[in-house]
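Accompanying notes for the structure given below.
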Amino acid sequence: MISGLVFVLLFGAQGYFGGWLRGHDIQILFAVPGIALATTFVTFPFVARALIPLMQEQGTQEEEAAISLGASGLQTFFRVTLPNIKWGVLYGVLLCNARAMGEFGAVSVVSGHIRGETNTMPLLVEILYNEYQFVAAFAIASLLAMLALITLIAKTILERHLDEGHDVNDH
Amino acid sequence: MTIEVKNLVKKFGSFAALDGVDLKVNDGELLALLGPSGSGKTTLLRIIAGLDWPDSGEVSFNGEDALAQGARERHVGFVFQHYALFRHMSVFENVAFGLRVQPRAVRKDEATIRRRVKELLDLVQLDWLADRYPSQLSGGQRQRIALARALAIEPRILLLDEPFGALDAKVRKELRKWLRSLHHEINVTSIFVTHDQEEALEVANRVVVMDKGKIEQIGSPDDVYETPATAFVHGFIGESIELPVQVDGGVVRLGDRPLNLAADGLVSGASKLFVRRHDMLVGPPGSGAFEGAVQHVRNFGPVQRAEVALSGGETIEIDAPRDRDCAPGTASVSIPAATASLRGPERVEFSSKFTFQPRLVCNNGPSSGGPNPCALRPQFSSLCFSPAVPATKRRSSSRRCMPICRSRAPSSMLRPPRS
């Protein structure tokens with residue numbers, strides 16, 4: 001919610017970048033870019049939290065080995081770093097996705113609730129509920145719950161992969 | 001390829017990892033950097049490899065400035081303590097990595113790469129593991145693969161950072177021998193870092209002993225063992241007993257007891273006496289330099305280790321061959337043969353040493369009535385002074401040594417009598 005208000009403060013009509021954005025005819029608030037921005041902002045920490053410990057544990061030795069073998073920075077990243085953290089990245093993306101599906105506060109502030117254009121499932125549940133369409137509201141809510149279950153299963157599978165593949169170069 | 005390092009300084013915060021290091025590595029040499037942890041040896045190796053950068057100083061390969069190049073351009077093979085194999089690649093792909101990442105213009109075709117990898121795997125005698133993944137290999141196999149991977153790029157220099165540190169004792173010994181013969185075969189200038197003195201003395205052509213970011217001594221394995229240049233080297237290489245003594249007008253005292261050691265010409269003051277454990281011998285009371293009591297005797301391997309409480313209060317441990325008679329009770333300890341050296345006097349910040357050279361002497365046996373060889377016959381070989389200069393400016397070249405008298409007794413007299 002707070003982050004949503006901050007986005008309004010930055011990109012809103014009276015916001016810091018509001019005038020410039022209007023001058024260039026760019027719509028951020030109450031449009032898809034705003035939702036994407038707000039969601040990214042609240043979900044990024046999940047990717048970081050999945051990746052930072054993993055990368056710290058793996059250390060920089062393999063990258064150093066790659067460089068000393070003559071690999072360039074990009075080659076090192078795509079051939080050594082990325083394959084090593086791929087399960088971590090997928091895990092982060094999954095957590096991210098879970099959070100994005102359920103995100104309400106920030107998105108509620110920046111989206112503007114335009115039906116069919118800037119609505120997300122949690123926002124739709126709220127709208128339908130407020131319009132006394134209980135059946136539709138609960139149907140969407142159940143759909144969300146099922147997506148959560150699928151996410152949970154995927155998470156379990158990914159965690160299993162994360163646990164493997166460690167300890168090759170460990171002490 | 002010769003490597004020359006000049007006045008290298010590297011600081012981590014206020015801690016000086018390298019504090020003015022000068023080193024020249026000859027072409028085709030196998031050099032060991034030996035020192036305790038924190039002595040800066042790994043930092044030096046990483047700077048040579050281009051994985052770290054010095055605060056000041058020069059590194060040159062064959063006379064050309066290496067610091068102007070990144071790790072990528074230096075063509076240095078680096079072997080890590082914990083292998084650093086690419087865990088998601090098979091052994092074959094690990095070794096091939098260095099060939100596959102070459103710029104397209106010089107990259108070899110697939111058949112050549114395959115042939116080259118095969119050769120390297122044959123060289124490390126692990127061609128049958130090509131399709132395995134690193135996690136399926138033992139520690140010794142992983143390190144050999146890491147070495148093959150480093151050799152794939154035909155490095156100008158091979159650097160090994162504690163290559164056997166993570167392996168168990170038996171594998172380590174095998175790999176040492178193997179590394180030596182491999183170096184003999186490929187003959188590329190190599191530096192390896194170790195804290196294991198046995199490894200350094202056994203494998204290397206030359207040994208560089210480091211402590212606290214400085215080089216203490218550079219020499220052949222024999223040099224650093226037989227004629228340690230500084231108190232640190234004496235204490236670090238070989239198992240030494242260190243006793244605080246007082247030099248007083250040519251008399252060496254431990255506590256208030258004068259020792260049966262000649263020390264004429266030494267600067268008076270507090271000094272340290274260094275003796276190798278196996279160079280001390282236990283004999284009948286009154287026969288040696290120290291008096292004391294043998295408290296325990298433990299046997300292991302080819303030696304027995306006696307714990308002796310000296311009359312001055314210090315407790316020392318002495319190694320003697322198994323066949324020597326050595327039983328708990330009052331006894332006399334002599335520094336028979338041996339290289340014992342005195343360092344000090346500390347208070348005036350002068351370091352003077354003298355060395356007892358010839359393989360002295362002495363034995364043990366319960367007094368046989370014959371001439372008692374346990375009495376100490378010091379043989380000065382050299383006396384070194386190093387003037388008190390602030391530690392930052394000290395260079396090993398400022399240490400001056402002068403020979404004193406060679407030998408006071410023919411060494412033939414100094415053989416232990418056979419019982």
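Under a 1.4 Å probe, what is the accessible area of the stretch A:1-106 per residue, stated in Å²?
On the way: 5880 Å² over 106 residues.
Dividing the accessible area of the stretch A:1-106 by its residue count gives 55 Å².
Starting from the Cα of B:Lys212, draw a straight line to each of the lysines and keep only those under 18 Å, dropping any in the same chain fewer than 8 residues away.
Filter leaves B:Lys6, B:Lys10, B:Lys11, B:Lys41, B:Lys393.
Can you give the translational diffusion coefficient of chain A in µm²/s, computed by Stokes-Einstein from the Kirkwood radius over Cα pairs at 10 °C and 1.306 mPa s? Don't jump to the answer; show the numbers that get you there.
Numbers: Rh = 18.9 Å.
Estimated via Stokes-Einstein, D reaches 84 µm²/s.
Whole percent per 5 Å bin, from 0 to the bin with the longest distance: what is P(r) over all C-alpha pairs of the stretch B:1-75?
Bins of 5 Å from zero give 4, 15, 27, 28, 18, 7, 1, 0 percent of pairs.
Kindly write out, for the stretch B:226-235 in residue order, the coupling ³J(HN,Hα) from the Karplus curve 6.51 cos²θ - 1.76 cosθ + 1.60 (θ = phi - 60°), rounded to whole Hz, with x marking Gly and Pro.
Each residue's phi maps through the Karplus curve to give 7, 10, x, 7, 9, 4, 4, 4, 4, x Hz.
According to the square roots a ≥ b ≥ c of the eigenvalues of the Cα gyration tensor, what is the shape class of the stretch A:1-75, taking rounded for a/c under 1.5, prolate for a/b larger than b/c otherwise, and oblate for the remainder?
Numbers: a/c = 4.46, a/b = 2.33, b/c = 1.92.
Here the stretch A:1-75 falls in the prolate category.
What are the aspartates and glutamates whose alpha-carbon lies under 16 Å from the alpha-carbon of B:Lys118, with same-chain residues fewer than 8 places away excluded?
List returned: B:Glu93, B:Asp109, B:Glu110, B:Asp127, B:Asp131, B:Glu154.
Got a sec? Which residues of the stretch B:101-119 lose 50 Å² or more of accessible surface with every protein chain in place, vs. that chain alone, 1.4 Å probe?
B:Val101
Rg and Dmax of the stretch B:102-196 over Cα atoms: what are they, in angstrom?
Answer for the stretch B:102-196, Rg first and Dmax second: 14.2, 45 Å.
How many Cβ atoms of partner chains, on average, are near each residue of A:58-67 if near means within 10 Å of its Cβ? Don't skip to the end; give the middle numbers.
Working: counts 1, 3, 2, 9, 7, 2, 9, 14, 7, 8.
Partner Cβ neighbours, averaged per residue: 6.
Among A:Asn97, A:Asn119, A:Asn130, whose mean-square fluctuation peaks in a Gaussian network model of chain A (Cα, cutoff 10 Å)?
A:Asn130
So, with +1 on the Cβ of K and R and -1 on the Cβ of D and E, and no other charges, what is the size of the charge dipole of the stretch A:1-103 about its Cα centre, to the nearest 20 debye? All intermediate terms of the calculation are to be shown ahead of the outcome.
On the way: 5 positive and 6 negative charges, 50 e Å.
Here the stretch A:1-103 has a charge dipole of around 240 debye.
Please find, in a Gaussian network model of chain A (springs between Cα atoms separated by less than 10 Å), the residue of A:Leu143, A:Leu51, A:Leu95 whose mean-square fluctuation is greatest.
A:Leu143
With Kirkwood's inverse mean 1/r over C-alpha pairs for Rh, give me the Rg to Rh ratio of the stretch B:161-280, two decimals please. Kindly include the intermediate steps, with their values, before the conclusion.
On the way: Rg = 18.5 Å, Rh = 16.7 Å.
My calculation of the ratio gives 1.11.
Can you list the HN-Hα couplings for the stretch A:125-141, worked out from phi with the Karplus curve (6.51, -1.76, 1.60; θ = phi - 60°), rounded to whole Hz and with x for Gly and Pro?
4, 4, 4, 4, 5, 5, 8, 6, 8, 4, 4, 4, 4, 5, 4, 5, 4
What order do B:Ser311, B:Ser271 take when sorted by accessible area (1.4 Å probe), most exposed first?
B:Ser311, B:Ser271
Per residue, how much accessible surface does the stretch B:1-120 expose to a 1.4 Å probe? Answer in Å², no decimals. Could the numbers behind the result be given before it?
Numbers: 4870 Å² over 120 residues.
For the stretch B:1-120, the solvent-accessible area averages 41 Å² per residue.
Just to be sure I understand: if you take the accessible area of chain B alone plus chain A alone and subtract the pair, with a 1.4 Å probe, what total do you get in Å², rounded to 100?
On the way: alone 19400 and 11220 Å², together 28260 Å².
Chains B and A together bury approximately 2400 Å².
So what's the projected area for the stretch B:32-114, the Cα convex hull averaged over all directions, in nm²? Before the final figure, lay out each step's value.
Values: hull surface 31.4 nm².
One quarter of the hull surface, i.e. the mean projection, equals 7.9 nm².
Run the dipole for the stretch B:1-68 about the Cα centre, Lys and Arg Cβ at +1, Asp and Glu Cβ at -1, nothing else charged, and hand back the magnitude in debye, nearest 20. Before the final figure, lay out each step's value.
Values: 6 positive and 10 negative charges, 63 e Å.
The dipole magnitude comes to about 300 debye.
What is the stretch A:94-139 by shape, rounded, prolate or oblate, if you read a ≥ b ≥ c off the alpha carbon gyration tensor as root eigenvalues and call it rounded for a/c under 1.5, prolate for a/b larger than b/c, and oblate otherwise?
Values: a/c = 2.34, a/b = 1.41, b/c = 1.67.
Because a/c hits 1.5 or more and a/b fails to exceed b/c, the stretch A:94-139 counts as oblate.
Anything losing 10 Å² or more of accessible area from the isolated chain to the full protein assembly: pick those residues out of the stretch B:50-64, probe 1.4 Å, ligands and DNA/RNA ignored.
Relative to the lone chain, where solvent access is computed with a 1.4 Å probe, the stretch B:50-64 loses at least 10 Å² at B:Leu51.
Please return the longest stretch of chain A lacking exposed loop sites, where chymotrypsin sites (Phe, Trp or Tyr not before Pro) count only if DSSP places them in a loop and at most 11 other Cβ atoms lie within 10 Å.
Working: sites that count: A:Tyr16, A:Tyr132.
The longest uninterrupted stretch comes out as A:17-131.
The values are calculated or read from the model by the stated rules, or taken from the named source; none is laboratory data. Values in this document were obtained by computation on a predicted structure and should not be read as measured data. No Cβ is skipped: glycine too gets one built from the backbone with ideal geometry, and neighbour counts run over all protein chains shown. What goes into the accessible areas is simple: the full protein's heavy atoms, side chains included, and nothing from ligands, DNA or RNA. Shrake-Rupley method; radii C 1.70, N 1.55, O 1.52, S 1.80 Å.
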